Structures are given as structure tokens and as C-alpha cells.
Amino acid sequence: MRKNWDTYFLDIAFQVAERSTCLRRHVGAVIVKDKRIKGTGYNGSPAGLPHCLDDGCEMQDGHCIRCIHAEPNALLECTPDERRGATLYCTDRPCPECQKLIITSRIAKIVYGRDYEPYVDWFKLAPWIEVVHLPRQEPLNHGDK
């Protein structure tokens, strides 16, 4: 049976996540418009700085702050026109900070695989964004593979 488009592009997001350099969690994101990939991103250190794989995670309040999240990395690869009205496929539900960037970028639809309950859900304030959870389980970090 042929995969639908959402499953197809979410699978690609999980492939992109394999490039992650964070020891805690692999996250991947793919931005698609008109069934064409416009940008991809994974969580990792800013260009030129040490990666978690090299120096360990930099922890603050239970979160690794060394990494840039997958969603902003994908958004940075796209022009404003490419982002506007596009769909973002992400391995994980975007965190509140990424949600604000996604809303500002005028993404029209979010499809994510792994869920968690964020402390703030900005998408509830942006009813023009369609949010779809396609449950999926994948390894969380390098140690799981």
C-alpha cells in the first residue's frame, strides 16, 4: 500500500533526525510546500561550536541548551515565501519557543510524530495552523541504536 503524503514526509523527518548530535534526543524537521521539500533541520550545536557528541550536553533546568532545535534550523533554510503556507513535519511536538517561531513564519500545518504536553501551547492561540499528531516511536538518542 502506498504511503500518504503526511506519512511520507514524517518518515523523512525521522531520517533527518539521524544527523542530530545531541546525546539526549534526536529531532528532525522538514518543511514542505506543494509536495516539495524546501528545508530540513535537526537539533545540533551552532556552526563551529562543539557538539554534545564531543563535549557532552550543556544542561539547564533539565534541558540541553547547547543545541539549536530542529525547527529553527529548518526555518533558516527557507525563504519567507517558501515558509508561508507550508507544512512542517517534525519528529516531536514543537516546544513553546519553536511554536512561536513557527507561528511567526506563517507555517499553515504541523505534523509531528512523538507527543508530550508542553507547558504552554501557543498553537491554541493560532487557530489558522492545523496541528496533526501521527503517533510514531523511534529511538530517542544515539545510545538507543
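The table below gives the values:
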read-out	value
Angle between the chain longest axis and helix 5-17 axis [Cα atoms, degrees, rounded to 10]	20
Average Cα contact separation per residue, the chain, under 8 Å, 6 or more apart, as relative contact order %	22
Estimated [θ] at 222 nm from DSSP helical runs (n ≥ 4, -39500 (n - 2.57)) normalised by residues in the chain, nearest 500	-6500 deg cm²/dmol
19 Å Cα-Cα reach of K3 towards lysines, excluding residues that sit fewer than 8 places from it in its own chain	K33, K35, K109
For the chain, the spread of Cα positions along each principal axis, largest first, Å	39, 36, 29
Only Lys, Arg (+1) and Asp, Glu (-1) charged, at Cβ; the chain dipole about Cα centre in debye	540
The range 1-45 - convex hull of the alpha-carbon atoms, volume per residue in Å³	68
Lys, Arg +1 and Asp, Glu -1 on Cβ, resulting dipole of the range 30-102 about Cα centre, debye, nearest 20	460
Full-stretch length increase - D81, K124 - with 0.36 nm per residue and alpha-carbon distance subtracted	13.1 nm
Amide H partners (placed H, <5 Å) of I110, local residues excluded	L88, E130, V131, V132
Virtual paramagnetic centre 7 Å along Cα→Cβ of V132, amide N under 17 Å, in the range 95-109	107-109
DSSP bridge pairs, the range 5-133: antiparallel proportion in percent, nearest 5	60
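Since every read-out is calculated from the coordinates, none of them should be taken as a lab result. This one's a predicted model, so the numbers in the text were calculated from it and none came from an experiment. Here the Cβ is made from the backbone with ideal geometry for all residues, glycine too, and neighbour counts use every protein chain on show.
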